[in-house]
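Take a look at the structure set out below.
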Amino acid sequence: MSRSFTRSAFGRRDFLKASAAGVAAVSFPNLRASAESPNEQIGIGLIGAGGRGAGLAGGFHQLPGARIVAVADPDEKRSGGTAAKYQAKAYRDMRQLLEDPAVDAVVIATCNHWHCLAAIWAMQAGKDVYVEKPLSHSQWEGRQVVNAARKYNKVVQLGTQQRSDPMQAEIKQFLHEDKSLGDIKYVQTNRLGPRGPIGKRSTPLPIPSEVDYDLWLGPAQDQPIFRDHLHYDWHWDFNTGSGEMGNWGVHVLDDVRNVVYRDTVSTPQRIMAVGGRVAWNDAGNTPNVHYAYFDTGGIPALIALSNLLSSPTANLGGWFTKAGRPVEGPSVGYVVACEGGYYLGQRGSGRAVDLEGKRIRTFKGGDRDRLHKQNFLDAIRSRNWSSLNAEIQIGHHSSGWCNLANVAYRCGEAYSPEVVRLIEPDSQIWGELLEEMTGQLAAFDIKPSDTDIRMSPVLHHDPETERFTGEHSSLANEFVKRQYRPPYIVPEVS
């Protein structure tokens with residue numbers, strides 16, 4: 001039988017009242033740090049029972065010492081079906097799950113716009129938290145989660161599971177200590193994977209009767225939906241999702257923060273983005289082509305993102321990237337360009353090549369999914385949040401790169417070759433990457449100068465204040481914190 005690691009005496013009525021009002025200043029008693037025996041089970045409550053949530057539940061269920069005891073989802077078919085697999089309690093409202101004394105920790109796999117508020121509510125209710133990537137829908141709310149983790153002394157892990165892959169330590173040794181490829185010149189991340197359009201209705205999408213739509217919306221604005229499906233395709237609407245940049249981009253950018261910068265760079269100092277939602281004419285408003293440049297004050301970073309096929313008539317195959325190199329970069333991964341060669345990294349594997357593209361060394365990953373979940377459970381038992389491989393401040397910073405790239409896109413105007421050249425001294429590689437993008441857009445009869453392609457000005461960002469500064473800052477700072485829909489307001493936590 002599960003023993004609660006984090007019971008709270010905060011009552012049901014008081015908790016519902018406080019959470020509904022978005023109250024930040026909620027006081028809780030000192031909570032017990034750990035169970036009497038490390039062999040006692042940790043009761044896990046799953047919040048969000050879609051495909052990813054169901055997968056996470058299955059993974060935690062297989063680990064010794066963990067048990068799925070409750071499931072919450074505003075879609076009662078999802079909550080009921082997943083709960084039945086584990087003989088767990090099913091709830092529509094996550095606040096009822098958070099009251100459940102059998103729940104010691106929560107796993108959050110909701111839509112992106114719910115991640116931060118759900119995590120803060122969970123910590124206020126005395127629970128530890130495993131939250132899916134990206135952490136935040138905006139930089140401001142991500143910072144509140146970090147503040148809450150410190151205030152309530154909670155173990156909070158982000159679901160960037162590659163952080164737990166033993167391969168990462170080998171790569172860092174190879175690149176930095178051994179310097180096997182010499183000094184690093186720049187790094188390019190990629191997410192070049194085809195998707196399809198999400199449809200475009202002439203009338204708003206009817207909400208399924210099994211969904212409590214008010215709970216599903218939560219902090220998001222109540223706007224009509226004109227796509228074909230409610231679930232999953234929320235990714236491609238800025239009201240609820242973060243586009244491909246926040247969906248897959250956070251994984252590859254987190255890899256770069258870990259492997260290339262070794263977490264010495266929190267967020268970039270300058271950002272420029274180019275992209276658009278092109279060729280599909282659907283109801284989405286996040287870009288399906290999104291390229292960005294990040295000035296870190298040291299090693300520059302770039303990202304190439306596309307959801308388009310190689311041509312309008314192709315059935316398979318997405319975009320590619322060489323950007324002046326002898327070898328094609330991974331379609332989902334990153335290229336570390338060094339003086340003596342290139343490291344080509346992707347999930348679960350990697351290889352190093354010389355300047356001609358000849359293989360030097362191969363890297364093979366481990367069981368990252370299991371290790372990442374186990375790392376979370378171990379930290380709950382030890383009460384040592386610093387032992388987490390993707391502790392929430394790390395997750396906040398990695399998610400921040402995606403948030404900033406999205407802000408830059410949303411600040412975009414007409415494409416300008418002159419603005420590209422403002423990225424000095426790295427305009428050459430940035431220009432080469434954009435030339436490659438231009439060639440691949442041409443297959444769709446699209447030019448960068450077309451109105452569907454947007455280009456941001458060079459945005460200056462202060463990593464300390466997490467605000468934009470200087471010219472164009474007033475426009476960019478409008479996206480640092482979103483407008484929340486009452487009563488689902490993310491509280492300021494200090």
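Since every read-out is calculated from the coordinates, none of them should be taken as a lab result. Since the structure is predicted, the reported quantities are computational estimates derived from the model, not experimental observations. Cβ placement follows ideal geometry from the backbone for every residue including glycine, while neighbour counts extend to all protein chains displayed.
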> Cα centroid distance between region 252-279 and region 298-331, in Å?
Replying inline: 16 Å
>> Please give me, ordered by residue number, the trypsin sites (Lys or Arg not before Pro) of region 350-388 that lie in loop per DSSP and have at most 12 other Cβ atoms within 10 Å.
In response: 358
> Around residue 350, with a cut-off of 14 angstrom between Cβ atoms, what is the net charge of the other residues, counting Lys and Arg +1 and Asp and Glu -1?
Replying inline: +4
>> Output the 0 to 90 degree angle, nearest 10, between the alpha-carbon long axis of helix 427-442 and the longest principal axis computed from the alpha carbons of the chain.
In response: 90 degrees
> When Kirkwood radius over Cα pairs in Å is calculated directly from the model, which label among (i) 25.3; (ii) 24.7; (iii) 23.2 fits?
Replying inline: (iii)
>> If neighbour count is taken as other Cβ atoms inside 10 Å, put 186, 342 in order from fewest to most.
In response: 186, 342
> When only Cα pairs under 8 Å and 6 or more residues apart are kept, what is the percent relative contact order across the chain?
Replying inline: 19 percent
> Mind checking Rg over Rh on region 349-421, alpha carbons, Kirkwood formula for Rh?
Replying inline: 1.19
> Of the cross-linked pairs 172/481; 85/133; 85/127; 151/481; 133/358; 89/154, which ones have a Cα-Cα span greater than 31 Å in the structure shown?
Replying inline: 172/481; 133/358
>> Taking the beta-carbon count within 10 Å as an exposure proxy, list 367, 104, 93 from fewest neighbours to most.
In response: 367, 93, 104
> What ranking of 167, 437 emerges when the number of other C-beta atoms within 10 Å of each C-beta is taken as an exposure proxy, fewest first?
Replying inline: 167, 437
> Where both partners of a DSSP beta bridge lie in the chain, what percent of those bridges are antiparallel, to the nearest 5?
Replying inline: 65 percent
> Taking all pairs of different Cα atoms in region 284-330, averaging 1/r and flipping that mean, what Kirkwood radius in angstroms comes out?
Replying inline: 12.8 Å
>> Of 197, 220, 181, which is farthest towards the positive pole of region 159-252's charge dipole, taken about the Cα centre with +1 and -1 on the beta-carbons of Lys, Arg and Asp, Glu respectively?
In response: 181
> How many angstrom lie between the C-alpha centres of region 47-72 and region 135-195?
Replying inline: 23 Å
> Angle between the Cα long axis of helix 139-151 and the longest principal axis of the chain, 0 to 90 degrees, nearest 10?
Replying inline: 40 degrees
> Once Lys and Arg get +1 and Asp and Glu get -1 on their Cβ, which of 411, 398, 448 lies farthest toward the positive end of the dipole of region 362-454?
Replying inline: 398
>> Please list, by residue number, every one of the trypsin sites (Lys or Arg not before Pro) in region 153-256 that is coil in DSSP and has at most 15 other beta-carbon atoms within 10 Å.
In response: 179, 200, 201
> Could you give the angle, 0 to 90 degrees to the nearest 10, between helix 115-124's Cα long axis and the longest principal axis of the Cα atoms of the chain?
Replying inline: 30 degrees
>> Through the Karplus equation 6.51 cos²θ - 1.76 cosθ + 1.60, θ set to phi - 60°, convert the phi angles of region 326-339 into ³J(HN,Hα) values in whole Hz; use x for Gly and Pro.
In response: x, 10, 6, x, x, 5, 10, x, 8, 10, 9, 8, 10, 4
> GluC sites (Glu not before Pro) within region 409-494: which are DSSP loop residues with at most 13 other Cβ atoms inside 10 Å?
Replying inline: 464, 471
> Non-local amide H neighbours of residue 40 (under 5 Å, H modeled in plane, Pro and chain starts lacking H): which ones?
Replying inline: none
